[in-house]
Amino acid sequence: MRLMSRRQVTKLPMLALTAPAPPLQPLNRFPHMVHEHVVTRLRAVEESNMRRQMALATRADAEAYVAHVRGEIRRLFGPRPPSTPLAKRITGRLERDGYVVEKVIFESRPGFLVTANLYLPRTKERRPAVLGCCGHTTSAKAHEPYQSFAQGLARMGYVVLIFDPIGQGERLQYVGPDLKSRVGGSSVREHLLAGNQQFLVGEFFGAWSAWDGIRAVDYLLSRPEVDPRHVGVTGTSGGGTLTTWLSALDDRFTMAAPCCFVTTFRRNLENELPADTEQCPPGVLAAGLDHADFLAAAAPRPLILLGKKSDFFDPRGTAEAFRRLQRLYRLLGAEDRIQMAITPGVHAYAQDSRVEMYRWFNRWTKISDAQEEPRLQIEPEATLHCTARGQVSTLHSRPVFSFTRAAAEERTERTKRTKGSSPLVPALTAALKLPPRSGTPDFRVLRPLSKRNYPLPVASVCAVETEPGIQALLYRLSSEAHGGQPAPGPPAAILYVAHQSSDAELREEPLVRELVAGAPGVPFYACDVRGIGESRPDTGNLGSFLDPYGSDYFYAIHALMLDRPYVGQRTHDLLAVLDLMGSFGHEQVHLVGRGWGALPATFAALFSERVTRVTLKNALTSYRDVATTERYTWPLSSFIPDVLGRFDLPDCYRALASKKLRQIDPSEA
């Protein structure tokens, strides 16, 4: 080996000594915790459902099951609004070879316009009818695959009504001066913005979509061309969703063909597949129901499940749903009335799936013996418009938001009149669906943290088991290194509940440094409740956590389907942490919450006698503000279903005056 000269040695780069320290990465030691916890819960729901179905042994058992699921589904979707006049009108007509397209506008609710195309075969005889439901496309009824099945059925002799869903086609709800959506992106974003807000007033966006479909059937059956003995429903993706819901909710349908939707809730969850608000009925999992149950509610009407082998709606789940339904139909003596066709390809109402639908409907109506799709003439989108400028907003149709705002104001006033008859804490308990707690929770001692640029040099960290599979992260700051094992402390302590990350906020939030500096010697703790900070999910698209369709929404919507609001779960975590702090001797806790963390802090402070003082920064002013504001930024994970029918945040803040509540920079909607 050749030795280097002194001069050569001094010229060697000193990278190891001079490279800057890497930036501190956010701590996230439990990124799959929430996901696996929800998977466990859904598997338990599915197993219970399967046991109930496998116990069915006779036709009477099957009939009782059908009646049960039908009743549960209709309960979950809530009472129907009144069937007000449709105020129907025809705004145009397209003459085509073998059929006619009428451009129809009707009101599903007063002032709430629905745009639809009615395809009429050229015949004087009454004909079977089909309701066409659209998936998540901006062009809706004019989207080529949807035009195709409507036109194909019409050429075979069916009367077909295909309508624009809310937030799609000519029915945008957030319309700018250019008559385009101000929300941007796909129709899903309009659905989320309107649908998440509706939960606050006890409404469900899927029920609104279904009501449009029910009123569309009202219109179909008002037409003299329709034979009411044969009324089918079909659609793909979001249209497959609506086909599935309508099968359970409207007895007038005599046959159904949902495409590219039916699978199982568990498959969707395990595959990290987000679902639109309308696809997630609140309480559906708590009721022990799955996709197949919505179709079971219509048994034994003829049913074909259509799917694609490479669909993101897992075809394994489609096959599982089919097997469950096939067994039920067999017990009902109608095994010939159910079929499944999973064809090659990706998510779409492709021609091969449409052909399977044609053949299935023809089998039951005898209207045609066609085995293939007829020749089609695809129309430009504008040709099928029912409005002059392509949007119902130009006709002063009421947006969904206006109904939500009116409901919020009505509920707020009613709650004000009756608030004396409903004590706050019991109302809060019922709304949050808090589970019981028993004693001091167990915890894991994690390795102490140092060199994180916290206000104090060392943080001991515990992972507090608030329920099986769930840990809340509890940091305690100190001046000296130690083994990390919690030790008894003085009665007074401060507990900071993070907005989105204790680790980041201990380094960056001015309020934290103010609290530490203002109370020297008082033990200072910070907490990540589930789904926050160290358990922030990394599921779904990377970096999607804050996206309206991201992982925070994903688990919040599953929480509502399980009838356990996410903010209630986070409040439970915080109460368990306060129980643990009590075991350390802290019986006088100054509870501090910021942003998202201010909500569980508010609720926990109302329940826990250990909390003697409360500080909230950037806390939401009121749920009414969200429900009456067209565009809002607060996430679904902070919402409580029908909260405005029970109480509002100002009621909580007034009750916390006795605990020296301090509000810093409250946050509006």
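The values are calculated or read from the model by the stated rules, or taken from the named source; none is laboratory data. Predicted model, so just to flag it, every value in this text is computed and none were measured. Here the Cβ is made from the backbone with ideal geometry for all residues, glycine too, and neighbour counts use every protein chain on show. Just the protein is used for accessible areas: all its heavy atoms, side chains included, with ligands, DNA and RNA removed. Shrake-Rupley method; radii C 1.70, N 1.55, O 1.52, S 1.80 Å.
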- Query: Once the Cα atoms of helix 144-156 and of the chain are each reduced to a long axis, what angle between those two axes, in degrees from 0 to 90 to the nearest 10, is obtained?
  - Reply: 20 degrees
- Positive-end residue of Ala67, Pro145, His590, charge dipole of the chain with Cβ unit charges: His590
- Message: Using the alpha carbons of the range 256-400, what is the convex hull volume per residue in cubic angstrom, as a whole number?
- Response: 168 Å³
- Note on the structure: In debye to the nearest 20, the charge dipole size for the range 364-485, taken about the Cα centre with +1 at each Lys and Arg Cβ and -1 at each Asp and Glu Cβ, equals 760 debye
- Item | Dipole of the chain, positive direction: furthest Cα of Gly521, Ser501, Ser237, with charges on the beta-carbon | Gly521
- Message: How large is the direction-averaged shadow of the alpha-carbon convex hull of the range 220-285, in nm²?
- Response: 5.3 nm²
- Message: Applying a 10 Å radius around every beta-carbon, put 513-520, 448-455, 630-637 in order of their mean neighbour count, most first.
- Response: 630-637, 448-455, 513-520
- With all protein chains present, the range 102-241 has a carbon and sulfur share of its accessible area (1.4 Å probe) in percent of 49 percent
- Between the range 381-424 and the range 265-310, the alpha-carbon center distance in angstrom: 28 Å
- Per-residue accessible area, 1.4 Å probe, largest first, puts Phe607, Phe312 in the order Phe312, Phe607
- Message: Under 8 Å for C-alpha pairs, at least 6 residues apart: give me the relative contact order for the chain, rounded to a whole percent.
- Response: 15 percent
- Query: Given the pairs Lys103/Lys124; Lys88/Lys180; Lys416/Lys660; Lys88/Lys124; Lys88/Lys141; Lys308/Lys366, which span a C-alpha to C-alpha distance of over 29 angstrom in this model?
  - Reply: none
- Alpha-carbon Rg with Dmax, taken over the range 385-442, Å: 21.4, 66
- Item | the range 185-340 - convex hull of the alpha-carbon atoms, volume per residue in Å³ | 128 Å³
- Task: Step through the residues of the range 301-313 one at a time and calculate ³J(HN,Hα) from phi using the Karplus curve (6.51 cos²θ - 1.76 cosθ + 1.60, θ = phi - 60°), rounding each to whole Hz and writing x for Gly and Pro.
- Result: 5, x, 9, 10, 8, 10, x, 10, 5, 10, 6, 6, 6
- With a Förster distance of 41 angstrom and the Cβ-Cβ distance between Lys309 and Val39, calculated FRET efficiency to the nearest 0.05 equals 0.95
- Going by the alpha-carbon gyration tensor, a ≥ b ≥ c the square roots of its eigenvalues, is the range 325-395 rounded (a/c under 1.5) or, if a/c is not under 1.5, prolate (a/b greater than b/c) versus oblate? prolate
- Pull out a ≥ b ≥ c, the square roots of the eigenvalues of the alpha-carbon gyration tensor of the range 31-75, then state rounded if a/c is under 1.5, prolate if not and a/b is larger than b/c, and oblate in the remaining case. oblate
- Task: Sort Leu94, Leu221 by accessible area with a 1.4 Å probe, largest first.
- Result: Leu221, Leu94
- Message: Taking every DSSP beta bridge with both residues inside the chain, roughly what % is antiparallel (nearest 5)?
- Response: 50 percent
- Message: Debye calculation, C-alpha points only, no solvent: report log10 I(q)/I(0) for the chain at q = 0.07, 0.11, 0.12 Å⁻¹, in the same order as the q values.
- Response: -0.53, -1.08, -1.21
- Item | For the range 61-107 and the range 511-561, distance of Cα centres in Å | 42 Å
- Note on the structure: Percent of all Cα-Cα pairs per 5 Å bin for the range 102-259, counting from 0 up to the last occupied bin, reads 2, 10, 19, 23, 21, 13, 7, 4, 1, 0
- Gyration tensor verdict on the range 515-582 (Cα atoms; rounded if a/c is under 1.5, prolate if a/b is larger than b/c, oblate otherwise): oblate
- Please state the charge dipole magnitude for the chain, taken about the Cα centre, from unit charges on C-beta atoms (+1 on K and R, -1 on D and E), reported in debye and rounded to the nearest 20. 280 debye
- For the chain, what is the mean residue ellipticity at 222 nm derived from helices alone (per DSSP H run of n ≥ 4: -39500 (n - 2.57); sum divided by total residues; nearest 500 deg cm²/dmol)? -11000 deg cm²/dmol
- Message: Can you give me the C-alpha center-to-center distance between the range 446-483 and the range 40-58, rounded to a whole angstrom?
- Response: 41 Å
- Message: Compute, for the range 617-663, the length of the dipole vector about the Cα centre, with Cβ point charges of +1 (Lys, Arg) and -1 (Asp, Glu) only. Units Debye, rounded to 20.
- Response: 360 debye
- Task: Kindly report the accessible area of the chain per residue (heavy atoms of protein chains, probe 1.4 Å, no ligands, DNA or RNA), in Å².
- Result: 40 Å²
- Query: So what is the relative contact order of the range 475-610, in percent, for Cα pairs below 8 Å that sit 6 or more residues apart?
  - Reply: 34 percent
